[in-house]
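Beneath this line is the structure, given in structure tokens, with notes to follow.
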Amino acid sequence: MTGNTSTHRLPSYLEYQGKYTGILGWILSTDHKRIALLYLYSQLFFFLAGLVMGIFMKLELIAPGQQIMGPQAYNALFTVHGLTMIFLFIIPGLAASFGNFMIPIMIGAKDVAFPKLNLFSWYLFIAGAVIILIGIFSGDGPPDTGWTFYAPYSLKTNTNVVLSVFGAFVLGFSSILTGLNFIVTIHRMRAPGMGFFRMPLFIWSLYGTAWIQLLATPVVGITFLMVVADRMLDIGFFDPAKGGDPVLYQHLFWIYSHPAVYIMILPAMGAITEIIVTFSRRTVFGYKAIAMSSLAIAFVGYLVWGHHMFTSGMSETARLVFSFLTFLVAIPSAIKVFNWTATMYKGSISLEPPFWWAMAFIFIFMIGGLTGLILGSVSTDVHVHDTVFVVAHFHYIVFGGAGIAFFAALHYWYPKMFGKMYSKKIANWGLIGLFVGFNTTYMPMFFLGFMGMPRRYYDYLPQFADLNLLSTVGSWIMAASLIVVIVNLLRARKGTPEEMDDPWGGRTLEWKIESPPSLENFEEIPVIDSEPYELKSK
Amino acid sequence: MEQNHVAHTDHFDPVASKIGMWLFIFTEILLFGGLFIVYSVYRYNHQVEFHLAAEELDVTIGLINTIILLISSMTVAMSITALQLGNKKLTLILLAATILLALVFLVNKYFEWGAKIHHDIYPGSEFLLSLSKGDMLFFGLYFFMTGLHALHIIAGLALLGVVFVKVKNGTVNQNRYSLLENGGLYWHLVDLIWIFLFPLFYLIH
């Protein structure tokens, strides 16, 4: 490490005044850190919107029969909840916010390779969101197809599907450009001495993610355009009455949408790796294995989409092959979990809030992963297919996994991003509440699914009442805790800045610079002369 | 250890911009790849109808358009070499030729589509809905895929237009010609996709 020993401080990226001031200084800034915060705030906004919808759905399910909404409203609500949470919160996920902020800093660069393209991606993201929003409040009502837009129903329903599908297409374009930017940045902008195997593991996971974004998203993009063409031009790509094949739609949709699950979870695993290494006060166990497992997940993740279609009408051979490939994904995932635990072994663990969040992630992610095996095996999948078991599994992975990792990363990098510290005590209590609330909400759904309760209905049979009531109560605990967590972070934002360039004792490059970083991150580009996680302290 | 890293004082990295363009082209190929999959599945399902419907297309006009695009790919490639050699005037002439050829392609497309629509063959027309499912799918795919390709021609035209202006005012020049090179790459992609569309729709019987 060289440089950055100066005593004077440059204005941070938060204070820096460029050509524009005020709000324009943010929405016209090409600084990767400001763009990251634009993403962070918009994603949190959409997350809260999705959360409110989820709470209303749970409220409807508190008892059998109609409570607060009818079937059509419920259909619209689970569709829009899915659209918001998936396309607007968790697919941009940790990559768009923390990836944008941390990639240049962690590889020792001043910005991403294409800063203007980076800002353009954010505008596309907002444009997609606005199009979806218009679709919800115009025409013949919000879409009621589920976020999957399965044909032929998505071609037949009178609701406003076209705008939502087109909005998702635009969001896909934003995701592609972000991935492209990250790949080029990682290839071209690494500091001298930082070979690929000296990069922090968060960067490796984002590298794998970027390739998935690049290679999988165009396929769903064209599929969405075909749905739009079917509805507007009456072509009939997926309409059996005109010769089209709805199962082909499912194939094309899942060719993207299964890898998309890894777009959500890979950066999450990367952030968790960083946190565990930092707070274990040891170097990482199995660096290359973790790095390669990210790429392995990205690669194998392409070949498993058929497990969403075990009951859709595929040949026996296809089902068995897809089932086998699905089990293969468990190997790189398990490599990560074992390496995390091995990293902690004989470490001098420091029990700070981000570490607890990472522990919650591992616990919940393991339940999600193991129940995934039940769904990956053909015979058991047929039993629980289209029940709330699937919903529970999905939320354990995507909310309990990627979502909790999002907040873990937020607690970990918060002092770096803002130069301030939140109340650790409240953060811990918020996590405990969230952990209890989360499991109370979704654990009963595994049992309900096994008992045969189907998903996507506003009503259910009386024998499911008790567990549904429990689940709804859980959703209140969860929402309340999330509010505590977020308010805690917002309050800290107003607090006084403290000296905290390296509050956790981290050993990656971002902890060697000021908090919050200056506009160009490094006064002098560092020269890397040590292995990852062994950077000498300054 | 790694010599290929550019100095950060120079914010312009032509290699990065070229990698970026290649990656983008990759995504475009995958975008059309989805359509090629759909085409092959439906061709397999409706072999006879696809065969008969394909005979309705005008091979001559398709062939003319193929030749036009191939020549335009050549002119754009030559314009890059011309700029590398420092001949700005020739670069501009070759770029103008490329743009002109692209416009001719679109005019041909207009007449070709116009003739089809005149015969009541367009997605959702009553005549088409009275034909077999294979016919509907063939012409649906024909209009969708050539239409999407035409949109790419228009996007390429806009890009080459921007490049033309920038060459003229000197922002793109002998020492800094990444934008022209990337525009050329994009144009080759548009050409390449047509090279696949032409046999799939016009030639295979």
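The values are calculated or read from the model by the stated rules, or taken from the named source; none is laboratory data. Remember, predicted model here, so these are calculated numbers, not experimental data. Neighbour counts are summed over all protein chains in view; Cβ atoms, including those assigned to glycine, are modelled from backbone coordinates with ideal geometry. Ligands, DNA and RNA are stripped out before the accessible areas are found, and what is left, the full protein with its side chains, is counted by its heavy atoms. Shrake-Rupley method; radii C 1.70, N 1.55, O 1.52, S 1.80 Å.
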- [ ] Would you point out the residue of region A:458-477, among those that are outside any helix (DSSP H, G or I) and either under 26 Å from the mean Cα position of the chain (by Cα) or of a type outside the set (Phe, Trp, Tyr) (or both), that is surrounded by the most Cβ atoms within 10 Å (Cβ to Cβ)?
- [x] A:459
Task: In region A:385-396, the residues that are on the phi < 0 side of the Ramachandran plot and at pLDDT below 95 - done: A:385
- [ ] Would you check which residues across region A:394-405 are touching a helix residue (DSSP H, G or I) at 6+ places or on another chain (Cβ under 6 Å) and crowded, with 24+ Cβ neighbours inside 10 Å and list them?
- [x] A:396, A:400, A:401, A:402, A:404, A:405
Open item on the list: Please verify whether residue B:39 is free of Cβ contacts under 8 Å to residues at least 12 places away in the same chain and among the aromatic types (Phe, Trp, Tyr), treating the condition exactly as stated.
Closed with: no
Open item on the list: One residue is enough: does region A:403-420 have a residue meeting the conditions in a helix (DSSP H, G or I) and free of Cβ contacts under 8 Å to residues at least 24 places away in the same chain?
Closed with: no
- [ ] Could you grab me the full set of residues in region B:43-58 that are open to solvent by less than 50 Å² (accessible area, probe 1.4 Å) and more than 7 Å from every other protein chain (Cβ to nearest Cβ)?
- [x] B:43, B:50, B:53, B:54, B:57
Task: Scope region A:22-39; condition of a type in the set (Gly, Ala, Ser), outside any helix (DSSP H, G or I) and free of Cβ contacts under 8 Å to residues at least 12 places away in the same chain; matching residues - done: A:22
Open item on the list: I'd like to verify a number: residues in region A:103-126 that are part of a helix (DSSP H, G or I), open to solvent by less than 10 Å² (accessible area, probe 1.4 Å) and of a type in the set (Val, Ile, Thr), how many?
Closed with: 2
Open item on the list: Could you go through region A:127-139 and let me know if any residue there is open to solvent by 30 Å² or more (accessible area, probe 1.4 Å), among the small types (Gly, Ala, Ser) and not in a loop (DSSP other than H, G, I, E, B).
Closed with: yes
Open item on the list: Exactly one of these conditions fails for residue A:219: (1) surrounded by fewer than 20 Cβ atoms within 10 Å (Cβ to Cβ); (2) within 12 Å of chain B (Cβ to nearest Cβ); (3) part of a helix (DSSP H, G or I). Give me its number.
Closed with: (1)
Task: Filter result for residue A:173 (open to solvent by 10 Å² or more (accessible area, probe 1.4 Å), in contact (Cβ under 8 Å) with a residue 24 or more places away in the chain and assigned to a helix (DSSP H, G or I)) - done: yes
Open item on the list: Residue under question is residue B:143, and the condition is that it be touching a Pro at 6+ places or on another chain (Cβ under 8 Å) and either exposed (fewer than 15 other Cβ atoms within 10 Å of the Cβ) or within 30 Å of residue B:184 (Cα to Cα) (or both); does it hold?
Closed with: yes
Open item on the list: When you scan region A:273-293, do you find a residue that is under 30 Å from residue B:130 (Cα atoms), open to solvent by less than 10 Å² (accessible area, probe 1.4 Å), more than 9 Å from chain B (Cβ to nearest Cβ) and among the aromatic types (Phe, Trp, Tyr), even just one?
Closed with: no
- [ ] Take region A:478-518 and flag every residue that is among the basic types (Lys, Arg) and either outside any loop (DSSP other than H, G, I, E, B) or at pLDDT 95 or above (or both).
- [x] A:491, A:493, A:494, A:512
TODO: Filter region A:242-259 down to residues that are over 14 Å from residue A:149 (Cα atoms) and free of Cβ contacts under 8 Å to residues at least 12 places away in the same chain and give me whichever is farthest from the other protein chains (Cβ to nearest Cβ).
DONE: A:245
Open item on the list: Conditions first: (1) closer than 28 Å to residue A:179 by Cα; (2) not in a helix (DSSP H, G or I). Residue B:32 passes all but one, so which condition is the exception?
Closed with: (2)
Open item on the list: Any residue at all in region B:84-99 that's touching a His at 6+ places or on another chain (Cβ under 8 Å) and assigned to a helix (DSSP H, G or I)?
Closed with: no
TODO: Take residue A:361 and decide whether it is surrounded by 23 or more Cβ atoms within 10 Å (Cβ to Cβ), in a helix (DSSP H, G or I) and more than 18 Å from the chain's Cα centre (by Cα).
DONE: no
TODO: Provide a single number: the residues in region A:315-326 that are surrounded by 15 or more Cβ atoms within 10 Å (Cβ to Cβ) and either touching a residue at least 40 places away in the same chain (Cβ under 8 Å) or within 14 Å of residue A:294 (Cβ to Cβ) (or both).
DONE: 3
Task: For residue B:112: the one exception among (1) in a helix (DSSP H, G or I); (2) away from chain A (no Cβ under 14 Å); (3) open to solvent by 20 Å² or more (accessible area, probe 1.4 Å) - done: (3)
Task: Filter pass, residue A:435 being open to solvent by 20 Å² or more (accessible area, probe 1.4 Å), under 15 Å from residue A:393 (Cβ atoms) and assigned to a helix (DSSP H, G or I) - done: no
TODO: Report yes if residue A:54 is open to solvent by less than 50 Å² (accessible area, probe 1.4 Å), modelled with pLDDT under 85 and either under 30 Å from residue A:466 (Cα atoms) or part of a loop (DSSP other than H, G, I, E, B) (or both), otherwise no.
DONE: no
Task: Inter-residue pairs, beta-carbon under 6 Å, first at the interface with chain B (Cβ under 8 Å from one of its Cβ atoms) and over 30 Å from residue A:219 (Cα atoms) and in region A:176-200, second among the acidic types (Asp, Glu) and open to solvent by 10 Å² or more (accessible area, probe 1.4 Å), 6+ apart - done: A:193/A:529
TODO: Would you please name the residue that is farthest from the other protein chains (Cβ to nearest Cβ), looking only at residues in region B:124-178 that are of a type in the set (S, T, N, Q) and more than 23 Å from the chain's Cα centre (by Cα)?
DONE: B:174
Task: Meets criteria (modelled with pLDDT of 95 or more, open to solvent by 10 Å² or more (accessible area, probe 1.4 Å) and within 8 Å of chain B (Cβ to nearest Cβ)) for residue A:225 - done: yes
Task: Failed item, numbered, when residue B:25 is tested on (1) farther than 30 Å from residue A:196 by Cβ; (2) under 16 Å from the mean Cα position of the chain (by Cα); (3) of a type in the set (A, V, I, L, M, F, W, C); (4) within 12 Å of chain A (Cβ to nearest Cβ) - done: (1)
Open item on the list: Tell me whether region B:162-182 contains one or more residues that are open to solvent by less than 70 Å² (accessible area, probe 1.4 Å) and within 22 Å of residue B:66 (Cβ to Cβ).
Closed with: no
Open item on the list: So residue B:33 ticks every box in (1) within 12 Å of another protein chain (Cβ to nearest Cβ); (2) over 30 Å from residue A:255 (Cα atoms) but one. Which box is left unticked?
Closed with: (2)
